[in-house]
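The block underneath contains the structure these notes are about, expressed in structure tokens.
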Amino acid sequence: MADVKKTKKFYTSMHSDAEYNEAPLLEVIIEIPRGSFLKRGSTGDLDFISPLPCPFNYGSIPLLIGLEGDLLDAVVLGPRLPLGTKIKVYAWGAIGLTDRGMYDDKLICSHTPIPTWKKRMILLFFIIYARAKSLLNLIRGQKGRNRCEGWQEAEAALARAIPCTDTTWAGSKIPF
């Protein structure tokens with residue numbers, strides 16, 4: 001939490017803090033460190049080994065369930081974070097992704113606002129990711145549409161999520 005306050009203080013000393021007052025501050029647990037080839041789910045189970053390293057820290061919001069029944073996904077920009085790290089960051093937007101016909105939000109989080117050029121690069125990554133996932137699902141024999149649905153507001157993604165009130169939640173009922 002101290003790092004978030006230091007980053008905010010530094011950023012707001014140079015800019016207005018209006019953006020910070022609008023961006024939700026959330027706790028994310030890192031499941032896939034930046035640079036990892038191992039794709040793990042919210043329960044820690046190995047989903048697959050990627051031929052390319054993950055370009056982001058990838059994790060979830062432990063108190064919210066996304067529309068596909070798994071914890072709400074979150075991408076954390078910045079340096080590599082160890083597996084299991086709990087970090088408080090701001091959600092500046094979300095990417096909508098349809099995988100096997102199921103819609104899923106990916107919150108895009110950072111300590112500071114995300115410049116437009118970086119938003120475009122993140123969106124391009126998820127467009128390519130959705131196409132690669134189509135191929136992987138074809139190989140696995142899984143049917144359904146795969147597509148990147150574009151950039152969304154973080155608040156809209158959070159509004160679609162379901163509070164996780166079950167302390168015995170053991171993962172999505174849908175196999176990945």
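Of all residues being hydroxyl-bearing (S, T, Y) and at pLDDT 95 or above in region 104-144, which is nearest to R34 (Cα to Cα)? Just the residue, please. The residue in question is S110.
Across region 123-163, the number of residues qualifying as part of a helix (DSSP H, G or I) and either within 19 Å of F48 (Cα to Cα) or out of contact with any Leu (no Cβ under 8 Å at 6 or more places or on another chain) (or both) comes to 21.
Given the conditions (1) touching a residue at least 60 places away in the same chain (Cβ under 8 Å); (2) touching a Ser or Thr at 6+ places or on another chain (Cβ under 6 Å), and given that T43 satisfies all but one, which numbered condition is not satisfied? Failed condition: (2). With respect to (1) on the phi > 0 side of the Ramachandran plot; (2) without any contact (Cβ under 8 Å) to a residue 12 or more places away in the chain, the lone exception for A159 is condition (1). Scanning region 47-88 for residues that are farther than 21 Å from K119 by Cβ and of a type in the set (V, I, T) yields a count of 3. Working only within region 22-47, note down all residues that are small (G, A, S) and surrounded by 13 or more Cβ atoms within 10 Å (Cβ to Cβ). Across region 22-47, the qualifying residues are A23, S36, G41, S42.
What strands (runs of 3 or more DSSP E) completely inside region 17-90 contain at least 1 residues that are of a type in the set (A, V, I, L, M, F, W, C) and within 21 Å of A132 (Cα to Cα)?
Ranges flagged: 25-32, 38-40, 46-49, 71-76.
The numbered conditions (1) farther than 24 Å from L63 by Cα; (2) modelled with pLDDT under 85; (3) part of a loop (DSSP other than H, G, I, E, B) are all true for F176 except (1). The condition of being out of contact with any Lys or Arg (no Cβ under 7 Å at 6 or more places or on another chain), at positive phi and modelled with pLDDT of 95 or more does not hold for G84.
The values are calculated or read from the model by the stated rules, or taken from the named source; none is laboratory data. Keep in mind the model is a prediction, meaning the values are calculated, not measured. Quick reminder, even Gly has a Cβ in these numbers, built from the backbone with ideal geometry, and neighbours come from all protein chains shown.
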